[in-house]
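One structure is given below, encoded as structure tokens.
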Amino acid sequence: MLPFMNHFPFNRRLLSNYHSHSTFCDGRGAPEEFLRFALSNGFRAYGFSSHSPLPFETFWNMSKSDMPEYLAETERLKGKYGHRLEVYAGLEIDYLDGAYNPSIPYFQELPLDYRIGSVHFLPLSDVLTESNMVCIDGGFTGFDRAVEEYFGGNVRRLVERYYSSVQRMVEAGGFDVVGHIDKVCMNGQLCHGFSFDAGWYRKAFADSLALVAEKGLMVEINTKNMLPKRQTYPRIQFYPLLREMNIPVLVSSDCHIPHLVNDGRAEALALLREAGFRSVRELVGGAWQDVGIAAS
Ligand SMILES: [Zn+2]
Ligand SMILES: [Zn+2]
């Protein structure tokens, strides 16, 4: 009998995770440790998605020179554990600008099973260096300082700029899943002048979703902050809007530590069901499929 299975009130087909970091980027554990935790929780499928290499080095992104080893290690794990769960090689690829994003040949030519497209950085010019980037996914102090220094103290300008990057990423394509589509709100909502109900916010968000729907992409329900903050990306309150727009979703934990692999999954699935979703997307035998989320 698998431990924890009794606590997951859904079909085992839904025990999966496609957004996962490791020591190849800023995760705290080797890929195999994440896989072992997934196995001990009865998982059906597991995908790795290291932070992609960038034109500059950061402490949280992979180095380009480590890519062969990352792919080889994932292959090794497929060989070792493939008879017990499906193992996938993915990548969380940064959209920086038109010159560096998931659609460029470097990322398209990598032998990956799937690609997540995410915006973490807003470049201040077309010079792609770390000092020229506003990071939206770090601590609040740096975010708040960037609002002051580069956006005239107006959080709306930064948030609109973020969604314009998301939209340009979706237009450029080359990936399957939009990662944490409203991550800018993690810090943005703490700024004076921000409101989820403001017309400008709803428009920026809904326009992004409309483009995602038009391009037939999936949106990830990112549960990294579900247990600590009761928050997912996208925001729980917007699930009905995603449902209304018929946007396919998948649930992933964006874990950086092995024991967080399964965090927030059951809660997110229950909330999606409450919002009217009847299925989520899952990789089954290498292809994305809709899998029902009725309680088992
Ligand atoms: Zn991310
Ligand atoms: Zn991530």
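The values are calculated or read from the model by the stated rules, or taken from the named source; none is laboratory data. Quick caveat, the model's predicted, so the values are computed rather than measured. Neighbour counts run over all protein chains shown; Cβ positions are idealised from the backbone, glycine included. Each accessible area value is taken on the protein alone, full model and side chains, heavy atoms only, with ligands, DNA and RNA left out. Shrake-Rupley method; radii C 1.70, N 1.55, O 1.52, S 1.80 Å.
Data for the structure
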| quantity | calculated |
| --- | --- |
| Folded to 0 to 90 degrees: helix 67-81 orientation relative to the chain principal axis, Cα | 30 |
| Efficiency of FRET from Cβ geometry, residue 30 and residue 192, R₀ 41 Å, rounded to 0.05 | 0.45 |
| Neighbour net charge for residue 129 - beta-carbon separation under 13 angstrom, K R +1, D E -1 | -4 |
| Rounded to the nearest 20 debye, dipole of the chain from Cβ charges on Lys, Arg, Asp, Glu | 980 |
| Charged-residue dipole, Cβ positions (Lys, Arg, Asp, Glu), the stretch 1-148 about Cα centre, Debye nearest 20 | 960 |
| Estimated FRET transfer efficiency (residue 241, residue 110; beta-carbon r; R0 30 Å; 0.05) | 0.35 |
| Sulfur and carbon atoms: percent of accessible area, the stretch 205-280 [1.4 Å] | 49 |
| Inter-label distance, nm, simple model (7 Å from Cα along the C-beta direction), residue 288/residue 148 | 4.1 |
| Rough spin-label spacing in nm, given labels placed 7 Å along Cα→Cβ, for residue 137 and residue 11 | 3.1 |
| Cβ-derived FRET efficiency at R0 22 Å, residue 157 paired with residue 202, nearest 0.05 | 0.85 |
| Listed residue (98, 293, 152) projecting farthest to the positive dipole end of the chain, Cβ model | 293 |
| The stretch 14-292 - accessible surface per residue (Å², probe 1.4 Å) | 39 |
| Using alpha-carbon coordinates, inclination of helix 31-40 to the longest axis of the chain, degrees | 50 |
| Rounded to 5, percent antiparallel among DSSP beta bridges of the chain | 30 |
| All-pairs Cα distance distribution in the stretch 14-292, expressed in whole percent, bin size 5 Å | 1, 6, 13, 17, 20, 18, 13, 8, 3, 1, 0, 0 |
